[in-house]
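Read-outs throughout are calculated quantities, based only on the coordinates presented, and are distinct from any laboratory measurement. These figures come from a predicted structure and were not determined experimentally. Here Cβ is always computed from backbone atoms with ideal geometry, including for glycine, and neighbour counts include all displayed protein chains.
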Amino acid sequence: MNTQEKPLFGSVEPEVVERIGAAAGDALRKNRRLAVIGSVPILLAAASAEAFADGLPQQVVDVLNYALTLEHFEDSFYRKANGTDGLIPAKYRDLFREIGQHETGHVALLSWVLGSAAVKPPKFDFTAGGKYPDVFSNFKTFSTLSSTIEDTGVAAFKGQVLNLAGSPVLQTALQIHSVEARHAGSVRVLVGKPGSDGAFDKPMSKSEVLEAVKPFFV
Amino acid sequence: MTFEQRYPRRTILRWSAGAAGILVCGSMLPNFGISSALAADLGEGDVAILNYAYALEQLEAAFYTKVTDHPFKGITQQETETFTEIRDHERAHVEFFRKALGGHAIPGIEVDFSKVDFDRRSSVLAAADAFETLGVAAFNGAGPLLVNADYLAAAGTIVSVEARHAAMISALLHGPSSASAGKGHVSSKGLDSTMPPSKVLVQAKPFIKTPLTAASLK
């Protein structure tokens with residue numbers, strides 16, 4: 001697994017690093033509430049065997065497959081929710097339809113870039129093994145989970161920025177990243193949270209993200 | 001807008017005579033600002049990008065400071081909380097860039113909000129929406145221009161907060177909705193907008209009195 005090794009804020013002034021670090025700690029603690037015990041997921045292992053996608057370095061291919069995996073997760077989540085009668089109140093239907101369309105677009109785009117190196121869509125259990133049994137029947141459960149998933153998505157993309165530095169796909173990744181943040185801001189407001197946890201959004205490493213989403217993967 | 005209310009010039013941060021980068025506009029340099037004898041030169045390379053972001057953050061911080069100092073009639077508690085939260089984030093971003101730039105930081109810019117009617121909710125929210133929209137596109141366009149990966153990572157912790165702000169402002173206008181999720185700014189592929197510095201500075205120009213010059217920014 002391709003983990004983050006470079007220091008994030010190496011050349012930025014120490015007091016700034018410290019402040020960002022403190023905000024980061026809070027964000028991480030919140031995200032870890034999703035984490036459930038279990039073994040290390042292997043969902044990305046299959047893709048690592050592929051050599052290159054359209055001449056992209058293996059590191060970039062790995063990042064894109066990781067991103068595609070998370071986008072499949074989001075896309076499936078909203079497809080199921082948007083297709084479930086009576087779950088989403090009328091006034092919020094256009095919000096979740098819009099979000100769902102974006103996630104579908106991300107899946108299509110990443111799949112196209114990766115070509116034959118693209119991971120297959122995983123299978124999901126959005127109840128997380130029974131932890132959220134009413135995820136598609138109780139709007140509160142669904143929207144709360146949605147806000148956490150979007151926050152995690154933002155942090156996940158942010159965590160891969162350094163792995164994409166200098167790559168032609170960096171621009172695209174940034175343009176997906178900020179869309180996820182718009183989603184996160186919207187759904188957080190809907191569930192009554194502040195749109196942002198602070199002035200600086202903290203990245204999450206790949207292993208942290210996979211740990212957090214693992215309960216949802218079959 | 002039914003009338004235009006003019007405010008006296010306002011200097012956010014005092015110009016520092018000793019600060020690097022004050023120069024007389026040369027005809028060789030692109031001048032993105034109003035003609036004036038004095039200009040703030042953004043510098044070159046990553047310093048220019050960081051100064052560019054610093055100028056935009058100053059603009060946003062000054063705007064929200066004005067909004068919270070001069071609330072429009074009938075402002076709701078949610079609106080006050082949102083504006084205050086965003087103001088504090090923008091101030092933290094300003095500080096971040098000021099410290100990161102150290103001696104390379106441009107002086108405080110002089111802003112012009114005469115086009116905004118701070119007594120009218122619609123005018124304030126339209127301006128806020130425009131600033132956040134521009135901010136997201138600007139950061140998305142600036143990221144790939146950064147050479148130092150640490151700066152890229154740091155900018156990444158800010159851009160998603162700007163996107164969250166965009167959602168929060170949009171939610172004040174339309175509620176959590178397709179608009180707050182990015183409809184109108186996000187392409188059919190689910191990609192957010194991106195804009196190069198030269199275009200962003202043209203859009204920001206009506207609000208910035210200080211001419212900003214940057215030979216290296218395209």
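Tabulated data
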item: Principal axis box of region B:121-212, alpha-carbon based, largest edge first, Å; result: 39, 34, 22
item: Cross-link partners of A:K123 among lysines (Cα-Cα below 21 Å; sequence separation of 8 or more within a chain); result: A:K80, A:K131, A:K206, A:K214
item: Label-to-label distance, nm, for residues given as A:K193 and A:R93 (7 Å Cα→Cβ offset); result: 2.7
item: Calculated log₁₀ intensity ratio I(q)/I(0) where the Debye formula runs over C-alpha points of region B:44-104, q = 0.17, 0.20, 0.23, 0.27 Å⁻¹; result: -0.59, -0.72, -0.84, -1.02
item: Sequence-distant lysines (8 or more away, or on other chains) whose Cα lies within less than 18 Å of B:K218; result: B:K199, B:K205
item: Filtered trypsin sites (Lys or Arg not before Pro), region B:70-139: DSSP coil and at most 11 other beta carbons within 10 Å; result: B:K73
item: Quotient of Cα Rg and 2.2 N^0.38 Å for region A:56-216, N being how many residues it contains; result: 1.01
